[in-house]
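Taken together, the values in this text are just the output of simple stated rules run on the coordinates, not laboratory data. Bear in mind that the values here come from a model prediction, so they are computed numbers and not experimental data. Cβ coordinates were reconstructed from backbone atoms using ideal geometry, including for glycine residues, and neighbour counts include every protein chain displayed.
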Amino acid sequence: MMTHKERFLATLANAPVDRPASWLGLPVPAAQQGLFSHFGVNSIDALKLLLDDDIYPLEVPYHYPPSNHIACAFKFAKVNHDDTPDERTLTAPGFFEDYEDPADVDKFDWPDPARYIDRNEAAAMAKAIDEKYARMGVMWSAHFQDACSAFGMEKALMVMLMNPEMFTAVIDKITAFYLRANEIYYEATRGYLDAVLIGNDFGSQNGLMVDPDSLRTMVFPGTKLLVDQAKSYGLKVIHHSCGSIYPIIDDLIELGVDAIHPIQALAKDMDAPTLKAAFGGKTAFCGGVDAQHLLVHGTPQQVEDKVHELKELFPTGLIISPSHEAILPDIPPANVQALFNALTI
Amino acid sequence: MNTQLIEQIFTCVEFGKINEASPYPATMKGQPGSDELTKLALEQGYDPNVILYDALIASMNKVGQKFSENKIFVPQMLLSAKSMSAAMAHLKPYFSSGAVKRKGTFIVGTVFGDLHDIGKNLLSMMVEGAGWEVVDLGVDVKTEKFIETLKLYPDAVVGISALLTTTMVNIPQVITAIREVSPATKVIVGGAPLSADFAKSVGADGYGRDPQEGVQWLDKLAS
């Protein structure tokens, strides 16, 4: 029988596995109590142990109030909001809304991640996890999304076309922040981390939000730096993007990512058979169990049937997981149980 | 009267050329945009209805179609909408005087509990570009706000958006409240996790998979 880590690595390599690798995802606090009650446990750790889950996600200890979350490291928004990952806004007017000269990029008070990442806490958190797990740093490093919030999303998307030098100046500063933050984290956790999750949402339900050429010119150079940095520490890279991203999957493969997450199954061209036909063996995937309809409204039997379908399509090369990392409270715990039951039967 | 200016305004909107100062698209740099050309067309005595229907609405319809087919993307669509708005600003006096009539009023908002607005904003732009007056209530819109606004615009059509599975379930409450005060009001719903089946199950009259579908549904109502 393989260890969690062996199964994870074999899946990424499209090599044979004893059973499909899995990832529970990140249940939001409002969903956790229901899961705990259903499974008779009192912690996420106990739940993961019970489900025999393969990936252990590690958050970056980032102490910058009020969110204390690295995904909220930049205060670009000109409006008051709660500044938590769920409440942050990409569309509110941002600091750079009225700036046009790339030289003005330094007018923003760019944070120094060294001030807010607790190296000792990061090391302790990683060392505390059983090394048999695939230990995955949840870095996000969402340089494109942050660039959107830097201007306000609609303005940012127009700036990409009207003033690409300005957009590039801002996204490059954001990328530099994440490269520094990740360096600190990777150094602190060296030897105790196996993979990282990075990414941005590039897709909507029906297609890409931004044309592939603009992504290739202005966004993927930063992605490349982030991927290469992780690789230089021997880490596997899981790249996240919600939505329909079929036209850029080859780009992500070219950029060196090891797996693409979360394959939003109901988005255009993101169903498992289509992805298998186009990219099977060229990369690995993570996700695939639809969280927009099936996990919310389906029966446990339907969830099991879907997992069996996925297993048949992807005997390896797919980490089976909900198609949205944040398990929301509207997913019945019985369906989560069905997902994991079907992995081994 | 020749139609050259109408064709030029159409092209400006299609490719997002706002005004002469705008650097986009590069192939039209230094040329007048929809802003200047619409002003010129009105000065030359073009019928504002022709400008609205043959240039702006027709062009935005083409933009919506291209967006729906993934031939253009959100940035291009936003610039087309900006170009359309620059032209529309010159038509405002004609709307006020009644010389130009809109197809109707569309009240739109993201359902309460949901803070997402990109899809809703794109729909608003497309609907405005299709010749409707849009009353955009923003995000996290309470049921009472929809009702209050509907009282101000009793003939309006209502659009409700949601991005999350956890917030789409709030839509039926809004529809029920609308039915109680105004049974004849038409309601369309949309958003990533929604479907035609969901729309039907909650008593909505219409469902839009994307902005273009929403516009087509509204235009059928107006025709």
Relative to the longest principal Cα axis of chain B, at what angle does helix B:211-222 sit, 0 to 90 degrees, rounded to 10?
90 degrees
On the principal axes of its Cα set, how long, how wide and how thick is chain B? Give whole Å, largest value first.
50, 36, 25
For chain B, what is the calculated [θ] at 222 nm in deg cm²/dmol (nearest 500), taking -39500 (n - 2.57) for each run of four or more DSSP H residues and dividing by its residue count?
-15500 deg cm²/dmol
Using DSSP, restrict attention to beta bridges with both residues in chain B and report what percent are antiparallel, rounded to the nearest 5.
0 percent
Nearest 10 degrees, 0 to 90: helix B:58-68 Cα axis against chain B principal axis
50 degrees
Shielding of A:328-334 by partners, i.e. mean partner chain Cβ atoms within 10 Å per residue?
2
Between A:ASP101 and A:LYS75, the two model label points (7 Å from Cα along the beta-carbon direction) sit apart by a distance in nm of 2.6 nm
Please average, across the residues of B:68-78, the number of beta carbons from any other chain that are within 10 Å of each residue's own beta carbon, and give a whole number.
6
Once label points are set 7 Å from the Cα along Cα→Cβ at both A:GLU131 and A:ARG119, what is their separation, rounded to one decimal in nm?
2.2 nm
Where the centre of each part is set by its Cα atoms, how far does the stretch A:274-345 sit from the stretch A:186-228, in angstrom?
23 Å
Candidate lysines - alpha carbon under 22 Å from A:LYS5, same-chain residues fewer than 8 apart omitted
A:LYS48, A:LYS127, A:LYS132, A:LYS231, A:LYS236, A:LYS282, A:LYS311
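Determine the shielding of peptide A:152-158 by partner chains: average, over its residues, the number of Cβ atoms on other chains within 10 angstrom of each Cβ.
Going residue by residue through A:152-158 and averaging, the value is 5.
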Within the stretch B:194-223, which residues have the backbone N less than 19 Å from the label spot 7 Å out from A:GLN302 along Cα→beta-carbon, could you tell me?
B:194-203
What is chain B's relative contact order, in percent, from Cα pairs under 8 angstrom and six or more apart in sequence?
17 percent
Simple spin-label estimate for B:ASP197 and A:ARG180 in nanometres, 7 Å along Cα-Cβ
5.1 nm
Need one number: % antiparallel among DSSP beta bridges in the protein assembly as shown, to the nearest 5.
5 percent
In whole Å, what three semi-axes, largest first, describe the equivalent ellipsoid of chain A built from its Cα gyration tensor (square root of 5 times each eigenvalue)?
32, 22, 20
So what's the angle, to the nearest 10 degrees on a 0 to 90 scale, between helix A:220-232 and the longest Cα principal axis of chain A?
60 degrees
Could you work out how far the C-alpha centroid of the stretch B:34-66 sits from that of the stretch A:1-63, in angstrom?
56 Å
For the stretch B:105-222 the mean separation of alpha carbon contacts under 8 Å (6+ apart) over residue count, i.e. relative contact order in percent, is 28 percent
Suppose R0 equals 25 Å; then what is the FRET efficiency for A:GLU309 and A:ALA334 from their Cβ-Cβ distance, rounded to the nearest 0.05?
0.85
Quick one: putting +1 on the C-beta of Lys and Arg, -1 on the C-beta of Asp and Glu, what dipole do you get for the stretch B:4-97 around its Cα centre, in Debye to the nearest 20?
300 debye
